[in-house]
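The next block holds one structure in the form of structure tokens; read it before the comments.
Derivation of every value follows stated rules applied to the coordinates shown; laboratory data play no part. Everything numeric in this text was worked out from a predicted model, so none of it was measured. In this analysis, Cβ positions are derived from the backbone assuming ideal geometry, glycine residues included, and neighbour counts consider all displayed protein chains.
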Amino acid sequence: MDIFATHRGIVDSYSSYIRSFVTIADPEIQQVVEESFNRGDLWPEPLLQLNPAFAEAGEMKELVSAGLLHPDCEEIFTGYRLYRHQRDAMALGLAGKDFVVTSGTGSGKSLTYIGSIFNHLLSAGSVIPPGVTAVLVYPLNALVNSQEEELRRYAENYQKARGEKFPIRFAKFTGQEGADRTLTLDEALALLTPLCPTCHRMLHAKPGGGSFTIEQLREYLPNPPA
């Protein structure tokens with residue numbers, strides 16, 4: 001395989017595609033645009049970069065051994081190794097301080113705040129009232145869905161290690177949920193409790209409870225949204 005020939009073929013195809021819908025009546029403007037096409041302004045030369053590896057800083061269980069993280073976090077994040085920027089950020093979060101993490105894709109930014117949130121919830125126990133304690137906002141639904149999968153893996157880690165139900169509830173709302181989507185009791189509680197603090201009693205008391213649709217949840221609200 002000739003990678004350079006492949007590259008030229010891709011560029012030529014893209015150039016042809018772009019030119020196919022560019023129609024300019026003014027000849028002077030057309031000439032300027034044509035010269036830009038010929039220079040390859042829309043398809044720069046290939047760029048090859050080597051990114052340095054992130055500095056490692058031990059395993060999550062070391063934070064548990066040091067008393068910085070709740071003991072249950074060892075099972076939840078079993079096998080997770082930390083980068084230095086993760087450990088530094090979590091140290092701030094565990095101390096109740098704000099932090100901002102800017103690092104490359106795949107560098108584990110989400111673990112810094114998820115670990116801090118989980119530690120807070122597990123350490124507080126029943127002191128925290130029912131409802132939403134943390135809200136995670138993402139710019140893309142794909143990121144929300146990906147994060148939900150990660151949270152489910154954390155829950156499975158805990159359940160396998162302890163043989164107990166994961167003590168933290170989580171749910172997502174992306175606008176993709178249809179009115180007929182079936183929610184578990186935990187998901188229903190997470191979505192409904194902030195709007196109706198007393199509704200958790202009614203949800204638990206629902207005959208044959210255990211699953212709900214978005215439309216059914218509306219019936220529990222004192223003033224359902226239109």
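Decide, for segment 56-175, between rounded, prolate and oblate: order the square roots of the alpha carbon gyration tensor eigenvalues as a ≥ b ≥ c, take rounded if a/c falls under 1.5, and otherwise choose prolate if a/b is larger than b/c, else oblate. Note, shape of segment 56-175 comes out rounded. What the phi angles of segment 12-26 give under the Karplus curve with 6.51, -1.76 and 1.60, with θ = phi - 60°, is a coupling list of 4, 5, 5, 4, 4, 5, 5, 5, 5, 10, 9, 10, 10, 6, 6 Hz, glycine and proline written as x.
In this structure, the amide hydrogen of ALA57, modeled 1.01 Å from its nitrogen in the peptide plane, lies closer than 5 angstrom to those of LEU82, TYR83, ARG84, counting only residues at least 5 positions away or on a different chain.
Could you put SER110, SER16 in order, starting from the residue whose Cβ has the fewest other Cβ atoms within 10 Å? Walk me through the numbers on the way to the answer.
Numbers: SER110 17, SER16 9.
Least crowded to most crowded, the residues run SER16, SER110.
Based only on other Cβ atoms within 10 Å, what is the fewest-to-most ordering of ASP88, ASP41, ASP72?
Working: ASP88 14, ASP41 10, ASP72 21.
Ordered by Cβ neighbours within 10 Å, fewest first: ASP41, ASP88, ASP72.
Sorted on the mean count of surrounding Cβ atoms within 10 Å across their residues, most packed first, peptides 164-171, 133-140 read 164-171, 133-140. Going from the residue with the fewest nearby Cβ atoms within 10 Å to the one with the most, ILE76, ILE24 rank ILE24, ILE76.
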